[in-house]
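These notes are about the structure you will find just below.
The values are calculated or read from the model by the stated rules, or taken from the named source; none is laboratory data. What you see is a predicted model, and the numbers here were worked out from it, not measured in a lab. The area values use the complete protein model at the heavy-atom level, side chains included, leaving out ligands, DNA and RNA. Shrake-Rupley method; radii C 1.70, N 1.55, O 1.52, S 1.80 Å.
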Amino acid sequence: MLFRSHLLVVGPRRTFAVQGYPSRNLQSPQFKPGEKGYLLLADDNNNEPVLADYTRGIPKGIGFTRKEPPAWFKWAPVRIRAMVLAGEHLFVAGPPDVMDPADPMAAFDGRSGAVLRAYSSSDGSTLDEQKLDAPPVFDGLIAAEGRLYMSLVDGTILCMGRDR
């Protein structure tokens, strides 16, 4: 498996990654807020990276690439700051990927609230979405005992899940 990623979650069969800057202008990443969102993808754990023969000896070539394509990928309309795998569900959370011309930094600063999304780990289909009042802190999402716990930038801790 091969990722240039900001977050990784390694599961028993697959590794899940989020890329915030998947578009490039030659060698430079391009960030285009409010257009496609972030790239969320799943790769089988046995998908080893390979160096294609045509890239050998070329300065700043493409480098390593996947032997096989990813199992699935989706454009997520969320600036994903937190991600966790819980059974067959992949949860991601962060501010919405929007840019208001009147306040271009609102989503970055957390003034646009946030979103928690649940995806199927097998095919990437969206299962649910919940609005949040504040974004999570970086990597501030965990799953335990059938519950999700999330630490938010406003100092609150959320607990979501089954009642016991």
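Quick notes
- Taking only protein heavy atoms and a 1.4 Å probe, the accessible area of the stretch 36-123 is 58% carbon and sulfur.
- With one equal scatterer per alpha carbon and no solvent term, the Debye-computed log10 I(q)/I(0) for the stretch 36-122 at 0.24 1/Å reads -1.09.
- Long-range amide H partners of Val137 with built H, under 5 Å: Ser151, Leu152, Val153
- Multiplying the residue separation of Ala106 and Val137 by 0.36 nm and removing their Cα-Cα distance gives an extension gain of 9.6 nm.
- Per residue accessible area of the stretch 102-164, 1.4 Å probe, in Å²: 59 Å²
- Residue-level accessible surface for Glu129, protein heavy atoms, 1.4 Å, Å²: 70 Å²
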